[in-house]
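Below: one structure, written as structure tokens.
The values are calculated or read from the model by the stated rules, or taken from the named source; none is laboratory data. These figures come from a predicted structure and were not determined experimentally. Here the Cβ is made from the backbone with ideal geometry for all residues, glycine too, and neighbour counts use every protein chain on show. SASA here: full protein model, heavy atoms, side chains in, ligands and nucleic acids out. Shrake-Rupley method; radii C 1.70, N 1.55, O 1.52, S 1.80 Å.
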2 protein chains.
Amino acid sequence: MEQFRRFPEEDRRLLESLTERRQRHYEAREDVIREGEHSPEIHIVLSGLACRYKLLENGTRQIMAFLVPGDPCDAEVFILKQMDHSIGTLSPSLVAAIPGEVVTDLLLNRPSVALALWWSALQDEGILRERIIDAGRRDAYSRLAFLIYEVFLRLRAVGLAEDGRFDFPVTQSDLADATGLTPVHINRMLQRLREEGLILAEGRRWTIRDAAGLRQAAHFTANHLHYDRAHDEPDSEAGRRLKGLI
Amino acid sequence: MEQFRRFPEEDRRLLESLTERRQRHYEAREDVIREGEHSPEIHIVLSGLACRYKLLENGTRQIMAFLVPGDPCDAEVFILKQMDHSIGTLSPSLVAAIPGEVVTDLLLNRPSVALALWWSALQDEGILRERIIDAGRRDAYSRLAFLIYEVFLRLRAVGLAEDGRFDFPVTQSDLADATGLTPVHINRMLQRLREEGLILAEGRRWTIRDAAGLRQAAHFTANHLHYDRAHDEPDSEAGRRLKGLI
DNA sequence: CGATCACTTGAGATTCGTCAACAATTGTGG
DNA sequence: CCACAATTGTTGACGAATCTCAAGTGATCG
């Protein structure tokens, strides 16, 4: 959540204490919240890997986003009556629950947190848009490369990818559900990525062996992640405007 | 913008006067704002049809969303440094520009407007997610049916579709760019939709002839649009919480 | 040690894309 | 109002990407 702008020390401690108060451990493949449900609290992934998904009439599952540690899951139930999709874990995960009233209070009194939440929502949108391009205009090979590279970047941004190595506990079926391809085809494309020396996947442990090559295979351009002002740069105009706003 | 909750009369008048003050007419296929740009104002489509799109390296265009009258185009430049995609018109359109400071002021002092903007952003997200499913798991026929049905619903929600008839001034190429298909294939699928008596397209004027059939062809489930509490129902818990919030 | 789940491989079917030609419509200048 | 150009829509033949089905290998776990 600090990728848009660093929090004041006070806010960081406050958030840490909030996430420590109500935690729950989920097994792999458990639901955190289901389509149609409303929740009085919002959830934040602390460790593990989760995803937004939807079950379709024909029984297939579409994964619409991966959620890495630090990602808020369901800030939207706050405004909308119910979830229009489900959140489920892919690996054993630790998830914090923050009561709605507390979030209200944060939005009211902690502009840095409000800004971070807003930024997170906008980043989500950017990622979704990119995934549409991905699905619509790239072939299976690029699509898979894109997905892997994006997950890698996002994990690295939260300090979970050292030296191009990271845990990515998904099955080839999960990747199929996320890309809209079949497991069989995912398998073949993974082989190609491996043969070409771009990645290495040993069990759930992945390694990016040729980041530039992978990026190229994915036709990746990063500006949809809006990471570029992640640090202590002087605030932008908009940032300044909003700082005292909420 | 009132689909989530009606505005107080005062707010409505305020917004109307704001949109009247700075309007600009665009021809078909003009850009309102381009990828990479930052704008000191946000734009709202008043009439016509616009879209969010992105040009890819290979020269193709991906349309990620249609913007119908009432839709805010670029509320995000408010927070993010620059647009990660472009907004362009598809037909001659009237677009209002509202200066950033005014928006700041609205967010501060007009909870109903703040809520509407937030809701609009969340609805956008839902639509994007649905489009991912669309691209990933539906065949060309359903994809096209889905797109048409969704546009119809959104136009109807803003009073621009009487009796299943509405203006939808797009070429088959535009539809191809929006669905990730080729114009040729769009043509064939449109023929099929016509043959089956689901739709009628005479020039830019479209008619839904069999809404239920189209809905079925599209595998459409509407909850991602979150229209269900469009009217003067008692406020939800979240709505009440937020009312005094921003 | 057997069962289950994930992964791998091959062959054939299907959807959709590509290319190329042509028809219909719209727009434009004379 | 006409003639022509440009854009949009339509059609067919063919090829490529991806899916489906089916079988088999390999790991993991009780």
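When the residues of the range B:5-46 are filtered to those that are out of contact with any Lys or Arg (no Cβ under 7 Å at 6 or more places or on another chain) and within 14 Å of chain A (Cβ to nearest Cβ), which remaining residue is farthest from DNA strand C (Cβ to nearest atom)? Applying the filter and picking the extreme gives B:ARG5.
Taking A:ASP105, is it acidic (Asp, Glu), facing chain B (nearest Cβ under 10 Å) and open to solvent by 10 Å² or more (accessible area, probe 1.4 Å)? Taking the combined requirement at face value, the residue satisfies it. Please work out if B:SER17 is among the polar types (S, T, N, Q), without any contact (Cβ under 8 Å) to a residue 12 or more places away in the chain and not in a strand (DSSP E or B). Yes.
Against the conditions (1) under 17 Å from the mean Cα position of the chain (by Cα); (2) over 24 Å from B:SER173 (Cα atoms); (3) part of a helix (DSSP H, G or I), B:ALA96 satisfies every one except (3). Filtering the range B:120-135 to residues that are open to solvent by less than 10 Å² (accessible area, probe 1.4 Å) and facing chain A (nearest Cβ under 7 Å) leaves B:GLY126, B:LEU128, B:ARG129, B:ILE132, B:ILE133. Contact map, the range B:53-66: first residue more than 20 Å from B:ARG129 (Cα to Cα) and touching a residue at least 24 places away in the same chain (Cβ under 8 Å), second residue open to solvent by 20 Å² or more (accessible area, probe 1.4 Å) and of a type outside the set (Ser, Thr, Tyr), Cβ cut-off under 7 Å, separation 6 or more or different chains; pairs are B:LEU55/B:ARG61; B:THR60/A:ARG137. Among residues of the range B:74-91 that are farther than 19 Å from B:LEU46 by Cα, those with a Cβ under 6 angstrom from a residue that is part of a strand (DSSP E or B) and not polar (S, T, N, Q), sequence gap 6+ or separate chain, pair up as B:MET83/B:ILE33; B:HIS85/B:ARG52; B:HIS85/B:LYS54. Do we have any residue at all in the range B:136-144 that's more than 12 Å from DNA strand C (Cβ to nearest atom), part of a helix (DSSP H, G or I), open to solvent by less than 30 Å² (accessible area, probe 1.4 Å) and touching a strand residue (DSSP E or B) at 6+ places or on another chain (Cβ under 7 Å)? The answer is no, given that none of the residues of the range B:136-144 is more than 12 Å from DNA strand C (Cβ to nearest atom), part of a helix (DSSP H, G or I), open to solvent by less than 30 Å² (accessible area, probe 1.4 Å) and touching a strand residue (DSSP E or B) at 6+ places or on another chain (Cβ under 7 Å). For the range A:47-60, enumerate the residues that are within 9 Å of another protein chain (Cβ to nearest Cβ) and not in a loop (DSSP other than H, G, I, E, B). Selection gives A:ARG52, A:LYS54.
Picking from residues in the range B:168-183 that are under 16 Å from B:ASN58 (Cβ atoms) and among the polar types (S, T, N, Q), the one that is farthest from DNA strand D (Cβ to nearest atom) is B:THR182.
Any residue that is within 11 Å of DNA strand D (Cβ to nearest atom), open to solvent by 40 Å² or more (accessible area, probe 1.4 Å), at pLDDT 95 or above and within 28 Å of A:LEU55 (Cβ to Cβ) - is there at least one of those in the range A:197-214? No, there is no match, as no residue in the range A:197-214 is within 11 Å of DNA strand D (Cβ to nearest atom), open to solvent by 40 Å² or more (accessible area, probe 1.4 Å), at pLDDT 95 or above and within 28 Å of A:LEU55 (Cβ to Cβ). Restricting the first member to the range B:199-212 and to residues that are away from chain A (no Cβ under 14 Å) and within 11 Å of DNA strand C (Cβ to nearest atom), and the second to residues that are in a strand (DSSP E or B) and open to solvent by 60 Å² or more (accessible area, probe 1.4 Å), the beta-carbon pairs closer than 7 Å and six or more apart or on different chains are B:ARG204/B:ASP167; B:ARG205/B:ARG165; B:ARG205/B:ASP167. Screening A:ASP84 on (1) farther than 25 Å from A:ASP134 by Cβ; (2) in contact with a helix residue (DSSP H, G or I) (Cβ under 6 Å, 6 or more places away or on another chain); (3) in a loop (DSSP other than H, G, I, E, B) shows it passes everything except condition (1). Out of curiosity, is B:ARG241 at pLDDT 95 or above, open to solvent by 30 Å² or more (accessible area, probe 1.4 Å) and not in a loop (DSSP other than H, G, I, E, B)? Criteria not met by B:ARG241.
Looking only at residues in the range A:184-196 that are in contact (Cβ under 8 Å) with a residue 40 or more places away in the chain and either under 26 Å from B:ASP134 (Cα atoms) or touching a strand residue (DSSP E or B) at 6+ places or on another chain (Cβ under 9 Å) (or both), the one that is nearest to DNA strand D (Cβ to nearest atom) is A:HIS185.
In the range B:136-167, which residue that is of a type in the set (Asp, Glu) and within 14 Å of DNA strand D (Cβ to nearest atom) is farthest from A:GLN62 (Cα to Cα)? By that ranking, first place goes to B:ASP167. All of A:ILE98, A:ILE148 fail the test of being within 16 Å of DNA strand C (Cβ to nearest atom) and in contact (Cβ under 8 Å) with a residue 60 or more places away in the chain, apart from A:ILE148. Residues of the range A:67-83 that are modelled with pLDDT of 90 or more and at the interface with chain B (Cβ under 10 Å from one of its Cβ atoms): A:MET83 alone.
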